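Taking it in order: structure first as structure tokens, then the write-up.
Every read-out reported here was derived from the displayed coordinates using simple, explicitly stated rules and does not represent laboratory data. As the structure is a prediction and not an experimental result, all values here were calculated from the model. Using ideal geometry, Cβ is built from the backbone for each residue, glycine included, and neighbour counts are taken over all protein chains shown.
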Amino acid sequence: MEGTVETLDNALSSKYKASTDYAKLAAGMKVPYLSQDPHETSTVINGLEECSKRGKGRGGFSAKKTKYAVASSPTGIIVDSWRFQEHDYKRRDLPTYARGLFTTRTKQGVPEIAVRGYDKFFNIGEVRETSWDHIFERTKGPYELSLKENGCIIFISGLEDDTLLVCSKHSTGDRSDVAVSHANVGERHLERQLQRIGKTKQDLARELRKRNATAVAELCDDSFEEHILAYGPDKAGLYLHGININIPGFMTYPSPLVQKFADDWGFIKTGLIIIDDVQTVKAFLEEVAETGAHDGRDVEGFVIRCKMTTNPGVAPYQDWFFKYKFEEPYLMYRQWREATKALIGGKQFKLRKHVKITEEYLLYVRKRLAADRTLGKAYLQNHGIIKLRNDFLEYKNLRGSDAANLEDLDGGASSVDRDIILVPIATIGCGKTTIGLALSSLFGWGHIQNDNITGPKRPPRFTRALLDELDEHAAVFADRNNAMKHERKQLINDVKMQHATARLVALNFVHNDIDKIRQVTQDRVLARGDNHQTIQAATDMGKVVGIMEGFIKRFEHCDIEKEPDAGFDAVIDLDPTAGSRENLEIVVKELHRQYPNFVKEIPSAEDMDKAIQAALDGYKPDMRHIIPDRSRNDSKKNNKQQQQAAEKPQKKKPLEYMSVDLTTNDILAALEKTFSPNLSASQTRFFKQLQGARRVQPKFHVTLMHRASAKEHPELWKRYMFLQETDGAIHPDGKLGELQVQLERVVFDDRIMAIVVRLVPTSPEDENINAGDVSLPAKPKWECVNRVAHVTVGTRDDGVKPKESNDLLARWLKDGSGEKTGIGELLIEGKPMVKGIVRGVLSK
Ligand code: GDP
Ligand code: MG
């Protein structure tokens, strides 16, 4: 079986491919067509509009609408992009399931679908509809299997004014925050391919418009962005895989017609296999899954197109897709191959999964390499990869799929090396914060204190803060009591919804001897005086005891047999009356035992002593707020007074704007260099005027977003406010992150001067906060909503507000610089990169 991978592959190809002449098939096919019904379109748009306006209430969902001006449209067409959260596509009540949808209005004001993606489709077994049983019962052939290409999706269509609209899943045109957008790169490929066949973008726009269709292609180009599968220059380009009719329902071309269109318009064709019988489809997919390769190429999986009815014999058949992604052992083989190459090349390679078996495999490979000097060289040229793998499996007497399954017996725990959330189940004074701080200092893990999150909707924001910490840390400590089951339920569910691979480990402070626990924790807390956010002991002992008692009364024991606690991946029992040093050691040792690749070594006793001591000595909360008194012992009046007294000094100021602060000297140096004395007087006049009048700003920043545009970008503003309230409150200098800022050019008129900049993420995490969820588009953490990211250098007088830079730059984009427009423009030599610190700036 395993030994015949390559031949099996050939056999498959000839078995399924040779018999089918797609060109011939296409010739006999009717091209699907339907025109747009403006009434139907406007119903969908209204539905989307409604979803975008309402918040995400309980069980609710919301659509996100983004406006784009189509840069190449001579008549200034504007399109709206619509998107739902990925998991919302599983709902049954959406106005449309098109993933990738752009709408617009014609000159006459008629609503129109400009781009229509596929209906969201799911992996085999992911939803009920994609179980094999359902597929057997409700679908009919022909089944068109196309290779799941591995790039990013590009939509192409024709607008009313013959502009070719090129979009990625949810956006189009330039983006101020990235050097080149997917849509831009796609458009460039398109230009090249059309040039090759002597056609223009207008030709293609007209053709697609005539067909009322969107062409759907995969942009695969390693020179732009590397995906898991390799696309060298000879394979790079736009792989056409579908043509959809621009209507709310899902109607798509049969693949032979897609291939014909690809031929006619210079696209690369997506590999295609047509199988009539569903049992054969299943057998085929399962065979290829064994090898992870098809037609001599690595493949990620297949998309299968067919017709489906929701009710056989009653409802009509409609176009319907599902996908079949290859997982194991294919992914393991891929890791083996990469690890082997790294080994031969003397490079480091981090094993992510299948750690134990892969280590064994590598040990075996090491011996083979030592025994045969030609092996390594050949391997690097991709020879003998499969043979080496099979030799090892034979030596171990294992099938590949069994090898891949080996470690999944322990839930994959031995391969876990990150994304752990530690969740105490405790009451006040158990030592949560002490242990959390000690762990942070020992391992550099994140630590989020619920006490530091103030304001409404704390639970989801707490979860969000934890998950954000996982972007930067291998683990995070969820410092909250989680004394009640509903709190645990919230946390577990929210985490699992948003982060598929995070593991939740309970630190279960077992509450058996309540009297003793009460005594120990009260003693500790009353001894600690005023150093706590919510409880300022010395201020009001009675009240503190009341609050502590409340938690003890409400405490619900952890029961891992039942929900919600069954949702924990592991539980570590601790004794609240034992010292925190002792508990710390239990936590560390247990984590090491259960996740050996996560806590690889146990720190020395001295290091643990020190970490606890530092936590006990140094811990001073950096903010205070008061929680409503639950003990009800105090008179109402007294209570109110206390609250007022506590709230007064920290009346919260709202976020005014998000800023990327720059170093003054960096900017001044760039300006000095740009305005060199050998420029003409007209070029330097305004700068000199600013300098003379001391109107060059003392400090410089790039505005990412101002609260004034919160309405246009509600999600982003929410995210920024949240980051400010959480991270901003924790970091002493308010630093939220870092960016590189590239200074490109100075643009000015006689009122205002600005530097056009480019924001460059410093870490991969900042570059794509959706990394890890391949189904979401790449999205930078620090988005700039201004059309042109810029630094205002100075304004003529107080009558000119810095935000007018936006107007200047809009004019500059539209009309350009020069005498006619009265706009000066100077390139900054070398386009220097300077460091920027992201901070939230609060209202005065
Ligand atoms: P939390 O309410 O669960 O977060 O508990 P803390 O970690 O804040 O601990 C409560 C108080 O007890 C703090 O003042 C700690 O400094 C103190 N504390 C924590 N662990 C120990 C310990 O092992 N021994 C003693 N004596 N005090 C401790
Ligand atoms: Mg605490």
task: Would you kindly derive the ³J(HN,Hα) couplings of segment 505-520 from the backbone phi angles with the Karplus curve 6.51 cos²θ - 1.76 cosθ + 1.60 (θ = phi - 60°), listing them in order in whole Hz, with x for Gly and Pro?
output: 10, 7, 9, 8, 6, 5, 9, 9, 7, 4, 4, 5, 4, 4, 5, 5
query: Based on Cβ point charges of +1 for Lys and Arg and -1 for Asp and Glu, what charge dipole magnitude is obtained for segment 330-405 about its Cα centre, in debye rounded to the nearest 20?
result: 240 debye
message: Quick check: pseudo-label points 7 Å beyond the Cα along Cα→Cβ at Lys235 and Lys396, how many nm apart are they?
response: 2.6 nm
- prompt: Quick one: Karplus J couplings for segment 332-342, per residue in order, coefficients 6.51, -1.76, 1.60, θ = phi - 60°, nearest Hz, x for Gly and Pro?
  reply: 5, 4, 4, 5, 4, 5, 5, 5, 5, 5, 5
Per DSSP, loop GluC sites (Glu not before Pro) in segment 668-716 with at most 14 further Cβ within 10 Å: Glu712
- request: Using a 10 Å cut-off on Cβ atoms, rank the peptides 576-584, 687-695 from the highest mean neighbour count down.
  value: 576-584, 687-695
- prompt: How much FRET efficiency would the formula 1/(1 + (r/R0)^6) give for Trp132 and Lys516, where r is the Cβ-Cβ distance and R0 is 51 Å, rounded to 0.05?
  reply: 0.35
- prompt: So, in Å, what gap is there between the alpha-carbon centers of segment 707-730 and segment 806-835?
  reply: 29 Å
field: Hydrodynamic radius (Kirkwood) for segment 330-405, which is based on Cα pairs only, to one decimal in Å
entry: 12.4 Å
query: Would you list Ser676, Ser72 from fewest to most Cβ contacts within 10 Å?
result: Ser676, Ser72
- line: The long-range amide H neighbours of Val834, using H built 1.01 Å from N in the peptide plane and a cut-off of under 5 Å, are Val741, Gln742, Leu743
task: Just add up the charged neighbours of Lys489: K/R +1, D/E -1, any other residue whose Cβ is under 12 Å from the Cβ of Lys489.
output: -1
- prompt: What is the sum of charges around Lys562, taking Lys and Arg as +1, Asp and Glu as -1, for the other residues whose C-beta is under 13 Å from the C-beta of Lys562?
  reply: -2
query: Sequence-distant or interchain residues sharing an amide H contact under 5 Å with Lys64, placed H: which?
result: Arg83, Phe84
- line: Of the residues Leu662, Val702, Ala810, the Cα lying farthest along the dipole of segment 655-842 towards its positive end, which is defined by charges on the beta carbon of Lys, Arg, Asp and Glu, belongs to Ala810
³J(HN,Hα), Karplus 6.51/-1.76/1.60, whole Hz, each residue of segment 156-172, x for Gly, Pro: 9, 8, x, 8, 4, 8, 6, 6, 7, 8, 10, 10, 8, 3, 10, 8, 8
message: Please rank Arg116, Arg92, Arg209, Arg389, fewest neighbouring Cβ atoms within 10 Å first, as an exposure proxy.
response: Arg92, Arg209, Arg389, Arg116
query: Mind checking the log10 I(q)/I(0) for segment 558-621 at q = 0.15, 0.19 Å⁻¹? Debye, one equal scatterer per Cα, no solvent, two decimals.
result: -0.61, -0.87
message: At a 10 Å Cβ-Cβ cut-off, how would you order Asp797, Asp569, fewest neighbours first?
response: Asp797, Asp569
statement: One quarter of the C-alpha convex hull surface, i.e. the mean projected area of segment 37-145 in nm², amounts to 9.4 nm²
task: Using per-residue counts of other Cβ atoms within 10 Å, averaged over each peptide, order 462-471, 263-272, 489-498 from highest down.
output: 462-471, 263-272, 489-498
query: At a Förster radius of 41 Å, what calculated FRET efficiency corresponds to the Cβ-Cβ distance of Asn665 and Thr821, to the nearest 0.05?
result: 0.85
message: Check which residues have an amide H placed less than 5 Å from Ala789's amide H, if you skip close sequence neighbours.
response: Val757
message: Between Ala566 and Arg91, what is the label-point separation in nm under the 7 Å Cα-to-beta-carbon projection?
response: 2.8 nm
query: About its Cα centre, what dipole magnitude does segment 56-123 give when the only charges are +1 on Lys and Arg Cβ and -1 on Asp and Glu Cβ, stated in debye to the nearest 20?
result: 220 debye
